[in-house]
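See below for the structure under consideration.
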Amino acid sequence: MDSPLAVLKFLFFKTPFILKTALSHALGLSLTASKWDFRTALVVNIIREMLCNSPPTSISKQQQSTLRDPGIKGKMWVSKVTMPAPSEDALLDLLVNTIDALKHENESFSRPALVPVEAEWTGYRADVADNAPEPSISEAEKYDSMVKELASDITVLYFHGGSLYLMDPCTSRSAVAKYSKITGGRVLSVRYRLAPQNPFPSALLDAFISYLSLLYPLAGSLHKPVPASQIVFAGDSAGGNISVVLLQTLLQIHRAAPAGTTPTVLFHGKEVELPLPAGLALSSPSLDLTRSMPSTKTNALYDYLPPPSIALEKSPPCEIWPAKPPRAYLYCEGSTLCHPLVSPLSAESWAGAPPILVVSGEEMLADEGKAFAQKAARQGVTVVWEQYEAMPHCFALLLEGNAGGAMSFDTWADFVKMAVRNPEDIVTKADFITAKTLVRQPLDISKLIEIGDDVILERMKKSRQEIIEVAAAD
């Protein structure tokens, strides 16, 4: 949808559909009536109708419709910053070498440019009205005002969702401000480069620069150096992907370093260490871009995401897609879809990772989170996994006021606080939370999914080939 007017037109023409949905739910005739409240039924079905049954639009039109800045107002401090790109190529060289080291086969990619990375420092602004205007002060003054209201030393490095080609920090401000409020800390929300204009590994490089810029800010930066022990990577959906692949990048760099040493890299003229963060907090992470797992079909009832068959349909051509030269997938070359830094579900090892939280609904991407959490836990990583029965993708952000969403926010906040303050107290566990009653049902995290690693990789390769063949046929 391009604008509020377009949304209103859509809803007007879908009035019969909306009335049918409402009546079906009220009479208990829908398959989800026993699991959802009326608001959930209406929201999920309308979004599904918009995404799955609307005329296809160009990639550029889709992208631009999600980049409109709604402005800054109310209970949030936002300070916009730009983190300079290093003048030397050492960081880029290290990333390229890491990508090469993790290749399964002949996976191709283009070397990205080193560019400055924009971001938004965000914090909770108390004691103002919900529609209070943003103060007319400098970005530095906004940052200082934000810092004065912080209740903890937690720093969340946040990556927004949007399938790696949509959305922006400006469209995630409300959620990010809430993350700040419930942790008492600050959030750095990164404006990573979007596909298809900037394919893999551009977004990963931007994430890498943002992390090192937190650790080692240049003179004149608004913030002081932030210890890695106070930084938690976080992301929703595609942002979860970036969080996880940034972690896997760091883990591979550590694996490649001499035993007993901490790896280093030249960054803005100084040799600096590359520590691991305090933890990862993931909501509905997208970990398999081939969308090969069974839940893509089995959980469609509770989700609004388009099935792969629709996702692969050709959008009307525009100035940014098809790419020039053409490629099979928006985010990367088709051959690279199974690479561990593109689809981290294929990564062989998570050993040595900091504590990880994975929260998902009973959604189409659920199996990816299950397999990832299970594998990491089996390899000795502290993992907290939660799945909410009958809830859709990113339900906590989508369904404001939903009791399950509120519960998941509490879990998220508790985990982030513990990861920074007392990580040794985090206990590996898995819970399935029942719909409406919100009863926790403990599960064995080592037995979340009965699909072996080899089978998962074969499924991914098969789906990758299907994506390549569909693209070639267009």
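The values are calculated or read from the model by the stated rules, or taken from the named source; none is laboratory data. Not measured: the values here are computed from a predicted model. Cβ placement follows ideal geometry from the backbone for every residue including glycine, while neighbour counts extend to all protein chains displayed.
Hey, any hits in segment 301-308 for a residue that's at pLDDT 95 or above, touching a Lys or Arg at 6+ places or on another chain (Cβ under 7 Å), of a type outside the set (G, A, S) and closer than 27 Å to I445 by Cα?
yes
Go over the candidates V427, V439 one by one and state the one that is closer than 29 Å to H254 by Cα, among the β-branched types (V, I, T) and surrounded by fewer than 17 Cβ atoms within 10 Å (Cβ to Cβ).
Residue meeting the stated conditions: V427.
Examine segment 448-463 for a residue that is more than 19 Å from L287 (Cβ to Cβ), assigned to a loop (DSSP other than H, G, I, E, B) and not aliphatic (A, V, I, L, M), and state whether such a residue exists.
No, that holds for no residue.
Taking only segment 270-325 into account, find how many residues are of a type in the set (S, T, Y) and loosely packed, with under 15 Cβ neighbours inside 10 Å.
Number of matching residues: 2.
Find the residue count for segment 345-362, including only residues that are hydroxyl-bearing (S, T, Y) and in contact with a Ser or Thr (Cβ under 6 Å, 6 or more places away or on another chain).
Number satisfying all stated conditions: 1.
Can you tell me how many residues in segment 69-111 are part of a loop (DSSP other than H, G, I, E, B) and within 26 Å of P325 (Cβ to Cβ)?
Result for segment 69-111: 12.
Please name all residue pairs, on different chains or six or more residues apart, with Cβ atoms under 9 Å, provided the first residue is in segment 23-43 and is farther than 20 Å from L438 by Cα and the second residue is at pLDDT 80 or above and loosely packed, with under 12 Cβ neighbours inside 10 Å.
Taking only residues 6 or more apart or on different chains, the pairs are G28/S34.
Just a yes or no: is a residue in segment 253-261 within 23 Å of the chain's Cα centre (by Cα) and closer than 25 Å to E105 by Cα?
Taking every residue of segment 253-261 in turn, at least one turns out to be within 23 Å of the chain's Cα centre (by Cα) and closer than 25 Å to E105 by Cα.
List every residue pair whose Cβ atoms sit under 7 Å apart, with the two residues 6 or more apart in sequence or on different chains, where the first one lies in segment 315-339 and is outside the structural domain of T249 (by TED's automatic domain parsing) and over 13 Å from A195 (Cβ atoms) and the second, anywhere, is surrounded by fewer than 17 Cβ atoms within 10 Å (Cβ to Cβ) and β-branched (V, I, T).
Correct list of pairs: empty, since none qualify.
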